[in-house]
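Structure first, then comments.
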Amino acid sequence: MKMRISFNDKISHDSGVLVLLQSSTTLNGITKDIDQKLNGQVRKILGADSFSFKKGSIVKLPQPAGLPFSEVIVIGVDAEKPLSAQDIETLGAKIHTSLGNSQEKYATIVTSEIKANVKDLVAPALIANGVLLKSWCFDDYRTQLEKSDRCQTKRWEFITDDTAAAKADFKTLEEISEGVFLTRHVVSEPPNVIYPKTLAERAKELEKLGVRVEIFDEKDLKKLGLNALLGVGLGSEKESHMVVMHWEGGKKDADPIAFVGKGVTFDTGGISIKPAGDMDEMKWDMAGAGVVLGLMRALAGRKAKVNAIGVMGLVENMPSGSAQRPGDIVKSLSGQTIEILNTDAEGRLVLADALWYTQDRFKPKTMIDLATLTGAIIISLGNEHAGLFSNSDELANNLADCGLATGEKLWRLPLAKAYDKDIDSVVADMKNIGSGRGAGSITAAQFLQRFVNKTTWAHLDIAGTSWNKKGGSLAQAGATAFGVRLLNHFVATHYEH
Ligand code: BES
Ligand code: MN
Ligand code: ZN
């Protein structure tokens, strides 16, 4: 599905839906002209007591006499406070929603009134990006749908005086959104389609954009000694993999920033099997890896001036005669031994080796992992914030700020010696679950910390934010790609000067 988005200084299609964005009753330029053709109806709508700019009223004029459009939609915009990038993208998403499942081929949006309070980005580009983000949907497998119920494609034209600026800014935003869509796509795919090998193949496609992609299969991983990761995949017919992606857009010898994702393409829990209810949701237990993939797509697409490494640890967690058992002890790549007490605490085992490998080989200045790691984070933070853990206050603060700027919000939880002690084992160096029932997300993070060495590191537990059943402000129901926009923004603000 591909939206067609263009920018123009005058209306070029006199059919379809026309949307007027207004932050006051004053009419200028094109809007004034349209109002005249409509015999003052726009003025009347804006002046009505029931119309509220603050609340963002939406009024629709179907089959307007005097104009060739099928519908004119007037949307009030609250511009009392300066509009942030997020406000304006959300406005774009609202325009998309206001059209419902209109079958019209063309939508024309008059944006001239809206000004962004954002450095480097003009409002029309942000509005278009909001439309784009909200328009993405996944119906690849619904062969019997009526056309009207399918994901809609349209030609969107945004009317603005400064088309050059809008086009240039949108080009960058679109690349980031393409990264978001890649993530949403692989996270939405079913687990019989996306498994370690096929997800690795999707990564290989980034070579077209200049990303170097290395794929390690089971034989390679055995040779390297990633036994903690391999242990999780033992019960599966599907071969475990690890993917390393390199984007070299920075100075030749500058240390990279590294992103590491949990890619459990299906998590049954293994021998410590999960209950049947909602187990299908564990197809998106690879969302961390999916975000790393989409982020690399975004960075390469917009040619970010940074050296970035993206690592995906890819396994399927299945019960079978060859599966790992509770009680097994594995020797991780780091040399530390792990007693497996619950085979469903598998994400940390995958990340343990992927994190150690990444810091050991690349010596990154910063390493950030993303994982749908614990159900406990959903108990703590619900679906609004992802859990943030870090061994650096500065890194944690910077990430939290980027979360606010992009709407992918983070909330920091503590790391401390007392929690770390909770994963000491009597028979090995550590066990893969805590002893008590409390602080499950923290003990999981403590476990990861044992594999980052001295690297400046942050862990994002995205179990509550990767999938949204109801749909969010910039996404329809389903995969969110939470983390792509956040980390792209983090790279842009802190690593590309
Ligand atoms: N993938 C799950 C965590 C999860 C749960 C993600 C619900 C998204 C929604 C993870 O592998 C897991 O099973 N964690 C266990 C850990 C426990 C056994 C210590 C959990 O959270 O119950
Ligand atoms: Mn699990
Ligand atoms: Zn899992």
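Report, by residue number, each residue of region 141-157 that is surrounded by 13 or more Cβ atoms within 10 Å (Cβ to Cβ) and outside any strand (DSSP E or B).
Matches in region 141-157: ARG150, CYS151, GLN152, LYS154.
Tell me yes or no: at least one residue of region 70-91 is assigned to a helix (DSSP H, G or I), of a type in the set (Asp, Glu), open to solvent by less than 60 Å² (accessible area, probe 1.4 Å) and under 23 Å from ASP169 (Cβ atoms).
yes
Counting only residues that are part of a helix (DSSP H, G or I) and either over 15 Å from the mean Cα position of the chain (by Cα) or more than 15 Å from HIS385 (Cα to Cα) (or both), how many does region 472-486 have? Give the steps one after another, and end with the answer.
Within region 472-486, the first condition is being part of a helix (DSSP H, G or I), and the residues that meet it are 484-486.
Cutting the leftovers down to either over 15 Å from the mean Cα position of the chain (by Cα) or more than 15 Å from HIS385 (Cα to Cα) (or both) gives us none.
Selection size over region 472-486: 0.
Search region 381-421 for residues being within 16 Å of ligand 1 (Cβ to nearest atom) and open to solvent by less than 70 Å² (accessible area, probe 1.4 Å), and hand back the single one that is nearest to LYS469 (Cα to Cα).
GLY382
If you check THR160, THR172, which single one turns out to be closer than 18 Å to HIS13 by Cα and either in contact with a strand residue (DSSP E or B) (Cβ under 8 Å, 6 or more places away or on another chain) or open to solvent by 50 Å² or more (accessible area, probe 1.4 Å) (or both)?
Details: THR172 fails: closer than 18 Å to HIS13 by Cα.
Of THR160, THR172, the one residue that is closer than 18 Å to HIS13 by Cα and either in contact with a strand residue (DSSP E or B) (Cβ under 8 Å, 6 or more places away or on another chain) or open to solvent by 50 Å² or more (accessible area, probe 1.4 Å) (or both) is THR160.
Give me a count of the residues in region 314-339 that are in a strand (DSSP E or B) and of a type outside the set (Ser, Thr, Tyr).
Of the residues in region 314-339, 9 are in a strand (DSSP E or B) and of a type outside the set (Ser, Thr, Tyr).
Okay, residues lined up against (1) open to solvent by 30 Å² or more (accessible area, probe 1.4 Å); (2) assigned by TED's automatic domain parsing to the domain that holds MET430; (3) within 16 Å of ligand 2 (Cβ to nearest atom):
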{"position": "HIS246", "(1), (2), (3)": "no, yes, no"}
{"position": "ASP253", "(1), (2), (3)": "yes, yes, no"}
{"position": "VAL260", "(1), (2), (3)": "no, yes, no"}
{"position": "LYS305", "(1), (2), (3)": "yes, yes, no"}
{"position": "GLY310", "(1), (2), (3)": "no, yes, no"}
{"position": "ALA323", "(1), (2), (3)": "no, yes, yes"}
{"position": "THR343", "(1), (2), (3)": "no, yes, yes"}
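Consider ASP161 carefully, then state whether it is part of a loop (DSSP other than H, G, I, E, B), touching a Lys or Arg at 6+ places or on another chain (Cβ under 6 Å) and acidic (Asp, Glu). I'd like the intermediate steps shown before the answer.
Values: part of a loop (DSSP other than H, G, I, E, B): yes; touching a Lys or Arg at 6+ places or on another chain (Cβ under 6 Å): no; acidic (Asp, Glu): yes.
Criteria not met by ASP161.
Take the residues in region 336-376 that are touching a His at 6+ places or on another chain (Cβ under 9 Å) and within 15 Å of ligand 3 (Cβ to nearest atom); name whichever of them is farthest from HIS246 (Cα to Cα).
For region 336-376, the residue satisfying everything is LEU373.
Every residue in region 28-60 that is buried (at least 18 other Cβ atoms within 10 Å of the Cβ) and not polar (S, T, N, Q), please.
Scanning region 28-60 gives ILE30, ILE34, ASP35, LEU38, VAL42, ILE45, LEU46, VAL59.
Please go through region 163-205 and give me each residue that is of a type in the set (Phe, Trp, Tyr) and over 19 Å from the mean Cα position of the chain (by Cα), ordered by number.
TYR195
How many residues does region 262-303 contain that are away from ligand 2 (no atom under 15 Å from the Cβ) and of a type in the set (Val, Ile, Thr)?
Number satisfying all stated conditions: 2.
For (1) small (Gly, Ala, Ser); (2) away from ligand 2 (no atom under 16 Å from the Cβ); (3) in a loop (DSSP other than H, G, I, E, B), each residue gets a yes or a no:
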site	(1), (2), (3)
ALA428	yes, yes, yes
GLY438	yes, yes, yes
SER441	yes, no, no
ALA445	yes, no, no
THR465	no, yes, yes
LYS470	no, yes, yes
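Given the conditions (1) in contact with a Leu (Cβ under 8 Å, 6 or more places away or on another chain); (2) among the acidic types (Asp, Glu); (3) closer than 30 Å to THR97 by Cβ, which single one is not true for GLU218?
Of the numbered conditions (1) in contact with a Leu (Cβ under 8 Å, 6 or more places away or on another chain); (2) among the acidic types (Asp, Glu); (3) closer than 30 Å to THR97 by Cβ, the odd one out for GLU218 is (3).
Determine whether region 328-340 contains at least one residue that is under 22 Å from ALA287 (Cα atoms), within 16 Å of ligand 2 (Cβ to nearest atom) and of a type outside the set (A, V, I, L, M).
No, the conditions are met nowhere in region 328-340.
Any residue at all in region 197-204 that is at pLDDT 95 or above, open to solvent by less than 40 Å² (accessible area, probe 1.4 Å), within 16 Å of ligand 2 (Cβ to nearest atom) and not acidic (Asp, Glu)? Working first, answer last.
So the first thing to find is which residues in region 197-204 are at pLDDT 95 or above, and the list is 197-204.
Remaining after also requiring open to solvent by less than 40 Å² (accessible area, probe 1.4 Å): 198-200, 203.
Filter once more, so that each one left must be within 16 Å of ligand 2 (Cβ to nearest atom): none.
Looking through region 197-204, none of the residues is at pLDDT 95 or above, open to solvent by less than 40 Å² (accessible area, probe 1.4 Å), within 16 Å of ligand 2 (Cβ to nearest atom) and not acidic (Asp, Glu).
Restricting to helices (runs of 4 or more DSSP H) lying wholly in region 204-313: which have 3 or more residues that are out of contact with any Lys or Arg (no Cβ under 8 Å at 6 or more places or on another chain) and under 30 Å from ALA428 (Cα atoms)?
Values: elements: 218-224, 227-233, 287-301.
It comes to 218-224, 227-233.
The values are calculated or read from the model by the stated rules, or taken from the named source; none is laboratory data. Keep in mind that what you see is a predicted model, and the values were worked out from it rather than measured. Cβ atoms come from the backbone with ideal geometry, glycine included; neighbour counts cover every protein chain shown. Ligands, DNA and RNA are excluded from the accessible area calculation, which covers all protein heavy atoms including side chains. Shrake-Rupley method; radii C 1.70, N 1.55, O 1.52, S 1.80 Å.
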